[in-house]
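The values are calculated or read from the model by the stated rules, or taken from the named source; none is laboratory data. What you see is a predicted model; the values in this text were computed from it and never measured. Here the Cβ is made from the backbone with ideal geometry for all residues, glycine too, and neighbour counts use every protein chain on show. Note: areas computed on protein heavy atoms with side chains; ligands, DNA, RNA excluded. Shrake-Rupley method; radii C 1.70, N 1.55, O 1.52, S 1.80 Å.
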Amino acid sequence: MARTPDGPPPPPAVQRLRLRYAKRGRLRFSSHRDFQRSLERALRRAGVPMAYSAGFTPHPKVSYANAAPTGAASEAEYLEISLARRCDPQLLRKALDEALPDGLDLVDAVEAGPGSLADRLQASVWRVELPGVAAGDLRAALTAFLARGQVEVQRMTKSGLRTFDARGAVVRADVLAGPPAAPDDNGGEAVSIMRHESSPETPCAILQVVVRHATPAVRPDDVLAALRAVADLAPPSPPVVTRLAQGPLDEADGSVADPLAADRDVVGG
C-alpha cells in the first residue's frame, strides 16, 4: 500500500483562471524554465491562494501551454492556474503583474470555462524582422517557398536530428511594408518591441507568417531555414522574432482568433 503524507490533504481547487502574458524586450532571452521560477515567486509575493497537488512535494497547480522558444518575444503566451479560493480575475491579474519583473507582463485573465485551453491553440502568428534583407529579396524567396508542395528542413531535437516539412505547416505568409510593429494589450498597433530603422542602405524586411501547430512544431527559424533552402536567402544579422497571437485557426482565411473568447462568452452569458 502506498505511503501517504501526514496531515490533512491540501484544499481542493474551486476556481481555474486562464492568463495571457507577454515576454518583451530583453526578457525574450529568458527560457520557459526561467519564467516558471519567476511566476512561482510572483504567486507567493502576490499572495495568490493557489491550489496545490497532493503528495510529499506539493506543487502549485499551474498548467503551461505551448511556450515560445528562448530568444523569441511574444504577446500571446498562455497558462492556467487553479485556486483554493475564488478571486476576481482582473484584481488577481493586476497584483500578479506587479509582482513579475518588467518585461514579463500579465495582460489578460479570465475564469476558465469548459474545454481544454491547449486544444484551442491551433496556430500562431509570427512576425520576423530581418535586418539587412531587402523586402524584394524576401518576397521572391517567399514566392518560391509557397510554390512548393513540401520543403524539408532538419533540426536537432531532444530525440535527435529530425527531418520534417516546414511548408505544410505554413497557412499564410506575407511580406509587410513599413516599420516593425507589434500589437498592444488591446490588440491594436503599437511601437515595435525591437525597432530596426529601415533605409535603402540598411533594409529590414518583415515576414509575417501564420503557422499551424503540429508535431514536431514548426518554428520561425524552421521557416527561415526553408527559405534558405529554396532561394538561398541568408539574413546577415540575427532575426528579431515576435509571436503576435496564437489561438483557434480559421482555415478559410488563415486568421487566428482569441483563445480566451469562449471563456469570456461563458462568463458573460
Point to revise | Condition check for Leu83: closer than 14 Å to Gln15 by Cα and either crowded, with 16+ Cβ neighbours inside 10 Å or out of contact with any helix residue (DSSP H, G or I) (no Cβ under 7 Å at 6 or more places or on another chain) (or both) | key: yes
Review point. Can you tell me how many residues in segment 67-80 are crowded, with 18+ Cβ neighbours inside 10 Å, closer than 18 Å to Asp102 by Cα and not small (Gly, Ala, Ser)?
Key: 3
Revision key, fill the gap. How many residues of segment 85-114 are more than 20 Å from the chain's Cα centre (by Cα) and of a type in the set (Gly, Ala, Ser)? The answer is 3
Review point. If you scan segment 222-263, which residues turn out to be open to solvent by 50 Å² or more (accessible area, probe 1.4 Å), charged (D, E, K, R) and either under 16 Å from Leu117 (Cα atoms) or at pLDDT below 95 (or both)?
Key: Glu251, Asp253, Asp258
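Take the conditions farther than 16 Å from Val110 by Cβ and touching a Pro at 6+ places or on another chain (Cβ under 7 Å) and apply them to Tyr52. Does it pass?
For Tyr52, the condition - farther than 16 Å from Val110 by Cβ and touching a Pro at 6+ places or on another chain (Cβ under 7 Å) - is met.
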Study note, to complete from the structure: Going through segment 50-66 in order, the residues found to be touching a helix residue (DSSP H, G or I) at 6+ places or on another chain (Cβ under 9 Å), small (Gly, Ala, Ser) and open to solvent by less than 30 Å² (accessible area, probe 1.4 Å) are Ala65
Check your understanding: Taking Ser159 and the conditions (1) under 21 Å from the mean Cα position of the chain (by Cα); (2) closer than 29 Å to Glu40 by Cβ; (3) not hydrophobic (A, V, I, L, M, F, W, C), which numbered condition does it fall short on, given that it satisfies the others?
Key -> (1)
Check your understanding: From the list Val175, Val191, Val266, which residue is modelled with pLDDT under 70 and over 15 Å from Ala76 (Cβ atoms)?
Key -> Val191
Revision key, fill the gap. Scanning segment 21-49 for residues that are more than 17 Å from Asp102 (Cβ to Cβ) and among the basic types (Lys, Arg), the one surrounded by the most Cβ atoms within 10 Å (Cβ to Cβ) turns out to be Arg44
**Study point:** Top-ranked residue in segment 251-269 [being of a type in the set (Asp, Glu) and farther than 17 Å from Asp174 by Cα; ranked as nearest to the chain's Cα centre (by Cα)]
**Key:** Asp258
Review point. If you check every pair at least six apart or on different chains, which have Cβ atoms under 6 Å apart with a residue in segment 149-175 that is without any contact (Cβ under 8 Å) to a residue 40 or more places away in the chain and more than 13 Å from Leu224 (Cα to Cα) first and a residue that is of a type outside the set (A, V, I, L, M, F, W, C) and not in a strand (DSSP E or B) second?
Key: Gln150/Arg167
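Restricting to segment 76-95, name every residue that is more than 18 Å from Arg33 (Cα to Cα) and either touching a residue at least 24 places away in the same chain (Cβ under 8 Å) or of a type in the set (D, E, K, R) (or both).
Ser82, Leu83, Ala84, Arg85, Arg86, Cys87, Asp88, Pro89, Leu92, Arg93, Lys94, Ala95
In segment 121-132, how many are open to solvent by less than 10 Å² (accessible area, probe 1.4 Å) and within 19 Å of Ala231 (Cα to Cα)?
3
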